[in-house]
Each structure stands twice: as structure tokens, then as C-alpha cells.
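For reference, the structure is listed below as C-alpha cells.
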Amino acid sequence: MHAADNVAIVANDGGLPAGTVLPDGLTLVDRVPQGHKVALTAIAQDAAVLRYNVPIGYALKDIPAGAWVHERLLHMPEACALDQLPQATAPRWDAQPLQGYTFEGYRNADGSVGTRNILAITTTVQCVAGVVDFAVQRIKEQLLPRYPNVDDVIGLEHSYGCGVAIDAPDAIIPIRTLRNITLNPNFGGEVMVVSLGCEKLQPERLLPAGTIPLRAGESLDVVCLQADQHVGFMGMIDAVLAAAVPHLERLNARRRETVPASALVVGVQCGGSDAFSGVTANPAVGYCTDLLVRAGASVLFSETTEVRDAIAQMTARATTPEVAQAMAREMAWYDAYLARGQADRSANTTPGNKAGGLSNIVEKAMGSIIKSGTAPISGVLSPGEKLQHKGLHYAATPASDFVCGTLQLAAGMNLHVFTTGRGTPYGLAEVPVVKVATRTELARRWHDLMDLNAGRIADGDATIEDMGWELFHLLLDVASGRKKTWAEHWKLHNALVLFNPAPIT
Ligand code: CA
């Protein structure tokens, strides 16, 4: 990955046996599995093992050249201090603006643009989830065929309930997450709420006056299940269907319009990562991130435990010292959150990550942050906050796929890019998810789940630039509805999973 590295990874399918002589004359002294590291030179005990020109660990004993360098040979570096970070020190980004790129989207009254036209029914509390799910099925069967321009009807089901200590300071995170998901660009400003009635999180607290778009003379549209007029279960279902009709009518009247690519809000994420993630898919995504930023669009990168070990690089790329300080503040908050549970960032890596060649969180982080490209970081969002201006943003979220996706939806994401090496069928009902495979073997085996094969970079069939442009054009096609992702085709929808650091009683 860098000329200074003393390890490289074996790209060959199935790995390479001991005794293999590499083109530069190095002989493998161990069998090295695919995606795993091989020592390019002898590495003395306590010396740094360098990948991406970063110490991803220190040798626990002497490692000969040609040996398999796995996690059991490495001592992980400490997380760097947060009080001496560079602030907005990176050289000026001199990339030229990209002009003339457009997509076909749905313009919203608040200036945002949807890539899909969906009726989303907001719920205040988990108690109503079953009723809303039943009603959504009825709407799909009985009403949706009459509104062919509406892509889907979904219930925004979630785990929030009265057990959450609603006045605890951290409860603001799940509450603002739900509020801001309701305002996601793909829902067209059509806010419809199903409430139970007795819950702590009343509709007026979830969506206070002034936070949602209302037409003149209208108040928040709420179906309250405990209201006296609903007699029996079918009374509730009929009320939800009746409430849905005007929203469906207005959504159905909308048409796609040509809008500049700057209206895209792309959330990037990885999951089920392997050592190829940082070599193929994430660099291609990073190149595409730069293209999107050059086109004036917004990109959200996230996954705090996968940014923590690269924080000095990231604060250097901040546009102002204030943005750098906000990033450091999010890291410190997350360090404390993990410490409360007697854990740290090293809890991030999975057995699959390690089997795929990622020795520890430092190595994983260096491969993960490449998704953010090279553009300046112009803003920071705390968990559940909504985007306020364009450009590359650090949206602080856990790395957990569903929690990260849920928080990126709240930030205003209208398109999601997801890279995977081990393979995951991840998808969301709210926005299209474009999945990028890190390896050709995965892309072939999961030919009807992966939307793009970045493994071609490791195969030597495409460059990072080629794949970055290909992804950029694919995003414009998917955003325009000209192409569907595989997750949309199969309707693979993961749940909304709230990040709730507040106590539950
Ligand atoms: Ca993730």
C-alpha cells in the first residue's frame, strides 16, 4: 500500500503455500492465506509493522522475511491522545470542480431532493409496531396500486419505548434520530404519525412545532390508537388507511426532475470487511467521494471506532480548527462511552475480519477511512443530527452497520454506498443501498447481491480511478431510478436500529 511498508498482502485466491517464490525473489516461509500479510523484510522484535505507512502493530518476536504476519505476532499500538492533534493543517485541496453532472430526483419544499418517492409512517413508540406493520401491508395491497408514482410504503419501526429515561442527557440521541429520519428527503415532507397515546415520547415532543413542514391550517397528522373513536383493531387499521390517502395522493402527483449532482447526500459505510477492503473497494469509494465533493454533493463518512486510530490524519484535513475540535470531541465522547462498558476500540474487530486478514482495529481503521477520499472535511454531525450544509462530513456513529445506516438516514442521506469483503446482504427500505464487493470471488458467488465488483482492481483489470468513476455513474443511475440495486430488487431491508446510550428503566 505504501513504499515504506514492510508487509504486503497475498491477493491470490486460496492464498499461497510455503516455498512460493514471489516475482521479486522473496520466498514464503509459511503458508499465507488470501488477504493475509507477508513480511517483505525481516522484522525485529518490537519493531513497527508498517501498512499504509502506519504502525499497525509491534512485533512480539523476530519475524523472518517471507513469514505470515498474523495478529498473534503483533502488539497493538495505544490510541493516540486527543489533545495535541493537528487542526486544519493539510495543504489546500486543489481538485477542480466537476460540472454538468445531474440526476433525476424528487425536489422537496425544504430544498432537499429524494431519490425515491416513499410514504413513511412515523411511530412514536415500539408498542404500535405490529399495528403499523399490519396497516402497511393493507396499504400496499389495497391503496398502493392506485398510486403508481409512489415507490413504497414503509413503517418507521424502532425499539424506542417508555423504558428509555427520556430526560437523561443522552436520550436526545434516539429522539432526534427519529425526528430527523421522519424528515429524510425520500419521504417528500409527507409526515404521518401513529402514536399509542400514553407514551412518554408524545408526537408533539418527537416533532415539535417548527420542526416539520405543515401546509397552512394543518396540524401534525397523528393517528392515536387509544383515541375513543377507534373501536376494535379494524377501527385502528381503517383510521391509518384513511390517513394515508391524502399523503399518497400528494406523493403520487410528484415527478422526477433533472437536478444537479450536488443534491446527492451519499452515506458511505463498510461491513464484513477483509484485508481487501482497504485495497480495492474502499479506495474506489474514496475516489468516488472526491468526485462527489467536486460535483458539490455531500458525503457522510462515519464509524467512530474505525476513525479513532486515524484521527490525526482526519483533523489535519478539517477545513477549520473548529471542525477539527468537533471531531476530537466526538472521539473523546466515544472513548468515554466505551469505557463506561469497560471496553475500548479494539472490541470492534470480528472473527470474520481477522479470518479475512485484518489483524486489529488499527489495520481495519486505516483501510476504513480511505472511503472518505482526500477532500477537506467541512463539518461534523453528532449522532442523529441533520446535515446543514454541503460537502464532506464526519457523521459520528457506531460502526455497527444498522446503527450507522440509521444515523446516516437521520443525517439526510438519500443514497447509501456499502462495501463488503466477507459479504453481507445488507439493505434499507428507506434509501437504495449500492453494495461494492472487495473481491472478485465474492462478486461471482454473490452475483445477484453485489452491485459492483471492486475486486477487479486486485485482479489488475481496472484501476482505482476506473472503479471510482464507474461507481459515480452507477450512483447517478440509481439515484435517478434508472437502475435498481440488488437489495431493492429482492427487498432486503434491515431494521432501523437506534443508537440509545441513555439508561433504560
Ligand atoms: Ca459498518
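Each value in this text was obtained by applying a stated rule to the coordinates, not by laboratory testing. Computed from a predicted structure; not experimentally measured. Here Cβ is always computed from backbone atoms with ideal geometry, including for glycine, and neighbour counts include all displayed protein chains.
Details
- When each of the peptides 405-418, 219-232 is scored by the mean number of other C-beta atoms lying within 10 Å of its residues, the order from highest to lowest reads 405-418, 219-232.
- When only Cα pairs below 8 angstrom with a gap of at least 6 residues are kept, the range 266-490 shows a relative contact order of 31 percent.
- Secondary structure note: in the range 103-252, about 15% of the DSSP beta bridges are antiparallel.
- Rg/Rh for the chain stands at 1.00; both radii use Cα atoms, and Rh follows the Kirkwood definition.
- Span-like helix ranges in the chain, DSSP H, alpha carbon extent 18 angstrom or more, Kyte mean at least 0.0: 232-252, 281-294, 464-479
- With contributions of -39500 (n - 2.57) from each DSSP H run of at least four residues, the per-residue ellipticity at 222 nm computed over the chain stands at -8000 deg cm²/dmol.
- Residue-span extension gain [HIS473 to ASN53] - 0.36 nm each, minus C-alpha spacing: 148.0 nm
- Length-normalised contact order of the chain in % [C-alpha pairs under 8 Å, at least 6 apart]: 19
- Taking the inverse of the mean 1/r over every pair of distinct Cα atoms in the range 45-184 gives a Kirkwood hydrodynamic radius of 21.8 Å.
- nm² value of the averaged projected area, convex hull over the Cα atoms of the range 453-499: 5.1
- Its residue count N sets the reference 2.2 N^0.38 Å, and the alpha-carbon radius of gyration of the range 50-120 equals 2.15 times that reference.
- The chain: antiparallel DSSP beta bridges as a percent of all, rounded to 5: 35
- Inverse mean reciprocal Cα-Cα distance (Kirkwood Rh) of the range 1-78, Å: 12.4
- Take every pair of alpha-carbon atoms less than 8 Å apart whose residues are at least six positions apart; their mean separation over the length of the range 379-444 yields a relative contact order of 25 percent.
- Computed from point charges on the beta carbon alone (+1 for Lys and Arg, -1 for Asp and Glu), the dipole magnitude for the chain about its Cα centre is near 440 Debye.
- Pairwise Cα distances in the range 99-166 exceed 17 Å in 58 percent of cases.
- The range 36-91: trypsin sites (Lys or Arg not before Pro) in DSSP coil with no more than 10 other Cβ atoms inside 10 Å: LYS61
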